[in-house]
Amino acid sequence: MGHMRIAIASDHAGFELKQELRPYIESLGHEVSDFGAHSYMPADDYPDYAEPVGLAVKNGEADRGVLVCGSGVGVSVAASKMTGIRAAVCHDTYSAHQGVEHDDMNVLVMGSRIIAIELAKELVRSFLNAKFSGEERHVRRLGKVKAIEAKYCAAAR
């Protein structure tokens with residue numbers, strides 16, 4: 001994919017893993033914007049970190065996002081509430097690249113209590129090296145996902 005702008009964030013549970021992933025992503029040749037936490041705060045809340053990463057991707061300030069919490073589920077749920085964000089928990093390399101290739105996933109989510117740093121690095125590398133296939137069946141399916149999003153996001157306003 002070449003040089004990309006990556007938005008990254010985590011709550012307290014993912015703080016240590018995020019701190020290790022940020023320089024790793026930079027070592028792959030990407031620019032990283034860190035949306036926190038900037039220090040370990042045991043009482044912080046994951047939605048406060050999912051939102052700025054989602055906004056950065058949604059607004060085009062970042063090409064993709066990486067989020068970390070304890071299981072990955074909380075930030076995945078929160079980020080996916082945002083229009084245009086396709087965030088998914090991936091703890092295997094196949095899902096990390098296939099989610100981009102087939103589903104145009106734009107935010108990789110990982111659980112720091114589930115995986116360790118070396119696997120997290122492999123997942124990030126797979127995610128960042130992948131690109132959407134553009135194949136007709138994937139474009140068709142993504143169109144259906146976007147139609148669901150438009151239908152229900154409009155109803156929520």
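Selection within the stretch 108-130: residues that are in contact (Cβ under 8 Å) with a residue 40 or more places away in the chain and farther than 20 Å from residue 16 by Cβ. The member of this set that is surrounded by the fewest Cβ atoms within 10 Å (Cβ to Cβ) is 129. Checked against (1) within 11 Å of residue 109 (Cα to Cα); (2) in contact with a strand residue (DSSP E or B) (Cβ under 6 Å, 6 or more places away or on another chain); (3) crowded, with 24+ Cβ neighbours inside 10 Å; (4) not aliphatic (A, V, I, L, M), residue 46 passes all but condition (1).
Only one of the listed residues (118, 101, 16, 61) is under 21 Å from residue 142 (Cβ atoms) and acidic (Asp, Glu). That residue is 101.
Is there a residue being within 22 Å of residue 5 (Cα to Cα), among the basic types (Lys, Arg) and buried (at least 19 other Cβ atoms within 10 Å of the Cβ) anywhere in the stretch 76-94? Scanning the stretch 76-94, I find at least one residue that is within 22 Å of residue 5 (Cα to Cα), among the basic types (Lys, Arg) and buried (at least 19 other Cβ atoms within 10 Å of the Cβ), so the answer is yes.
A search for C-beta distances below 6 Å between a residue of the stretch 59-79 that is at pLDDT 95 or above and any residue that is surrounded by fewer than 18 Cβ atoms within 10 Å (Cβ to Cβ), counting only pairs 6+ apart in sequence or on different chains, returns 62/5; 63/4; 63/5; 70/113; 78/47. The residue pairs whose first member lies in the stretch 136-154 and is under 20 Å from residue 101 (Cα atoms), whose second member is at pLDDT 95 or above and not in a helix (DSSP H, G or I), and whose beta carbons are closer than 6 Å, counting only pairs six or more residues apart or on different chains, are 142/104. Criterion first (of a type in the set (Val, Ile, Thr) and assigned to a loop (DSSP other than H, G, I, E, B)) does residue 148 satisfy it? For residue 148, the condition - of a type in the set (Val, Ile, Thr) and assigned to a loop (DSSP other than H, G, I, E, B) - is not met. Among residues belonging to the stretch 22-68 that are under 19 Å from residue 122 (Cβ atoms) and in a strand (DSSP E or B), point out the one that is farthest from the chain's Cα centre (by Cα). By that ranking, first place goes to 32.
Set side by side, the residues 117, 148 differ, and just one is under 23 Å from residue 25 (Cα atoms), β-branched (Val, Ile, Thr) and over 14 Å from the mean Cα position of the chain (by Cα), which is 117.
Among the residues of the stretch 98-131, those that are touching a helix residue (DSSP H, G or I) at 6+ places or on another chain (Cβ under 6 Å) and outside any helix (DSSP H, G or I) comprise 104, 105, 106, 107, 108, 109, 110, 112, 130.
The values are calculated or read from the model by the stated rules, or taken from the named source; none is laboratory data. Model, not experiment: these values are computed from the prediction. Cβ coordinates were reconstructed from backbone atoms using ideal geometry, including for glycine residues, and neighbour counts include every protein chain displayed.
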